[in-house]
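Asker: Have a look at the structure that comes next, please.
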Amino acid sequence: MNRRVRMLTPDVYDTACDLAGAALLRRVPAAVSIVQVTADKVWSDFPAAVYITADSNNVIRYVGSVLRTGSVSDRIQEHVLAGRADRWIRLMVVPLHVDTEEVLVRKIEGRIGMVLRPLDSVRLPSLGRVRAKLRVR
């Protein structure tokens, strides 16, 4: 499968923030390392967010979301402990308002993932479109 890869650039980050719409808390345009997120807890103020990860070549690997009493840092730590973050070098966050409903957080993750096409995201949340059911006769 020949997939066009997308790089984690400032323009791509701006697009991700734009896709968050009114739920966007603020822009945090600086990429950080996985150590800064897990050990230094640089994103501990964000309990609602979409995060974007990139590898050593700056290729987008994963897009995920979080809405919890903890923070994005806690969620990234779970990925690390499960061995899913081995290729992640740089991360960026799209923080959302704390009162954003879960269904909207997931839709925003789906929108961002659909545009950025991360290599390692196996499935992304639905954008809420109605799907026609196929009938087998």
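Asker: With everything on Cα atoms, drop me the angle between helix 102-116 and the longest principal axis of the chain, reported from 0 to 90° to the nearest 10.
Answerer: 90 degrees
Asker: Still on this model: Given a 1.4 Å probe, how much area per residue of the chain is accessible, in Å²?
Answerer: Result: 59 Å² of accessible area for each residue.
Asker: Further question on the same structure: Tell me what the chain gives for mean residue ellipticity at 222 nm when only DSSP H runs of n ≥ 4 count, each as -39,500 (n - 2.57), the sum divided by the residue total, rounded to 500 deg cm²/dmol.
Answerer: Here the helix-only value at 222 nm equals -9000 deg cm²/dmol.
Asker: Quick check on packing: order 14-26, 63-75 by the mean number of other C-beta atoms within 10 Å, highest mean leading.
Answerer: Highest to lowest by the protection proxy: 63-75, 14-26.
Asker: On each of the three principal axes of the Cα atoms of the chain, give max minus min coordinate, whole Å, ordered largest first.
Answerer: Over the chain, Cα extents along the principal axes are 57, 38, 31 Å.
Asker: Oh, and also: I'd like to know which of Ala30, Val94, Val63 lies farthest towards the positive end of the charge dipole of the chain, counting +1 on Cβ of Lys and Arg and -1 on Cβ of Asp and Glu.
Answerer: Val63
Asker: Do any GluC sites (Glu not before Pro) in region 10-118 lie in a loop, going by DSSP, with at most 15 other beta-carbon atoms within 10 Å of their beta carbon, and if so which?
Answerer: Filter output for region 10-118: Glu101.
Asker: In addition: Quick one: with all protein chains in place, what share of the accessible area of the chain is carbon or sulfur, to the nearest percent (1.4 Å probe)?
Answerer: 51 percent
Asker: To the nearest 10 Å², what's Thr38's accessible area with a 1.4 Å probe?
Answerer: 20 Å²
Asker: Please report, in debye to the nearest 20, how large the charge dipole of the chain is about its Cα centre when each Lys and Arg carries +1 at its beta carbon and each Asp and Glu carries -1 there.
Answerer: Details: 22 positive and 14 negative charges, 204 e Å.
Rounded to the nearest 20 debye, it is 980 debye.
The values are calculated or read from the model by the stated rules, or taken from the named source; none is laboratory data. Only a predicted model underlies this, so the values are computations on that prediction, with no experimental measurement involved. As a convention, Cβ positions derive from the backbone with ideal geometry for all residues, glycine included, and neighbour counts pool all protein chains shown. SASA here: full protein model, heavy atoms, side chains in, ligands and nucleic acids out. Shrake-Rupley method; radii C 1.70, N 1.55, O 1.52, S 1.80 Å.
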